1. Report, to the nearest 10°, how far helix 289-299 tilts away from the longest principal axis of the Cα atoms in the chain, using its own Cα long axis and a range of 0 to 90°.
2. If I fit a long axis through the Cα atoms of helix 157-169 and take the longest principal axis of the Cα atoms of the chain, what angle between them do I get, 0 to 90°, rounded to 10?
3. Per residue of segment 130-135, what does 6.51 cos²θ - 1.76 cosθ + 1.60 with θ = phi - 60° give for ³J(HN,Hα)? Whole Hz please, x for Gly and Pro, Karplus curve as stated.
4. Cut-off is 10 Å between beta-carbons; in what order do 176, 110, 141 appear when sorted fewest neighbours first?
5. Using all C-alpha to C-alpha distances in segment 82-198, build P(r) with 5 Å bins and read off the rounded percent in each one.
6. So what is the calculated 222 nm ellipticity per residue for the chain, using -39500 (n - 2.57) for each DSSP H run with n of 4 or more, over all residues, to the nearest 500 deg cm²/dmol?
7. Please report, largest first and rounded to whole Å, the three semi-axes of the ellipsoid equivalent to segment 70-134, where each semi-axis is the square root of five times an eigenvalue of the C-alpha gyration tensor.
8. Any chance you could list the semi-axes, whole Å, largest first, of the equivalent ellipsoid that the Cα gyration tensor gives for segment 27-137, using √(5λ)?
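Bear in mind that the values in this text are calculations on the coordinates, not laboratory data. Keep in mind it's a predicted model, so treat the numbers as computed, not measured. Cβ sites come from the backbone with ideal geometry, for glycine too, and all protein chains shown count toward neighbours.
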Amino acid sequence: MIHPFQHHNHDQGPKPNALVRIEHLAITFDKPVLRDVSLDIHKGETVAVLGKSGTGKSVLLKLIVGLLTPDSGKIFFKDKEVTALGEFGLMDIRSDIGFLFQGAALFDSMTVGQNLDLFLVKHTDLPPKEREQKIAAALEMVQLQEAIDKMPSELSGGMKKRAGLARSIVIEPELMLYDEPTTGLDPVTASSIAELIVTLQQQLGIASLVVTHDLPTAFTVSDRAMVLNEGYAIFEGELKDLEKSEDAFLHEYLAASRLDRERHDRILRARERALAATQNPKAATKGTARGSETDVKVLT
Ligand SMILES: Nc1ncnc2c1ncn2[C@@H]1O[C@H](COP(=O)(O)OP(=O)(O)O)[C@@H](O)[C@H]1O
Ligand SMILES: [Mg+2]
């Protein structure tokens, strides 16, 4: 079907392999937010977008799905120029893009299952039976099968994120956009969500853009990152090269993040120890002959 508002552009488009191409994006509200931002995201790739609060990270995601229109610059998704699409065209590309908003944004008056079903009805023509199967598969993917009949208010913060994630992937997107997926979660839950993002990428081959101000999350989910500051990408490349950068802002940013990271690592190590203890309770039980023996062996 040809939509009346859909413009066609045969001259330009993403490079082969680039799923998303962002070219010289600029947008000003009260003041310039993005001044000149370009980025390619390839099939199956995860890229982290870092930057302080208010640097336009959420704005960037909204631009990609056409919830905002840039003042200048272009965005391509597959063969389509998002920035030239009308509402019908945008609805079409949004069926290929999953968006995990900052608040999980589930409808409070519906169960988790109903939330997922509504999303499928909106974005697909699937009959009820197939929708049911897809809902079960998506919930299984995020290990939330048992919550299908629960109301959002009955879920913990981490479970809400998982439910929101299940809703995003139930339409089987080619691209996932995550807006601060681990913010507001305790470090253990945060790292389990970060690990889930990796699983989705590896098992479903979904490309992802992960907006975060949390460096540990960025390191878990991706190798490549872009750092935004004052409207520009002040860094783009391998995360491991971030530390090598001479940029003064990046140094300050990394120093602040490093403290977070150390705290995060400490908590993770404690979790691993606790997990090892439950898997091997005898080794952890003090006072029994075997327990003491094990302790001694560990010490020597
Ligand atoms: N729809 C909007 N209208 C006006 N200003 C906006 C709008 N969306 C975002 N902004 C402004 O743009 C700047 C960047 O916002 P945002 O992308 O949410 O930052 P963050 O990097 O924390 O996600 C902020 O100053 C914000 O107030
Ligand atoms: Mg934001």
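1. Approximately 60 degrees, to the nearest ten.
2. With both axes taken from Cα atoms, the answer is about 40 degrees.
3. 5, 4, 4, 5, 5, 5
4. The order, fewest Cβ neighbours first, is 110, 141, 176.
5. 2, 12, 22, 24, 20, 11, 6, 2, 0
6. -13500 deg cm²/dmol
7. Working through the eigenvalues yields semi-axes of 28, 16, 9 Å.
8. So the equivalent ellipsoid measures 30, 17, 14 Å along its semi-axes.
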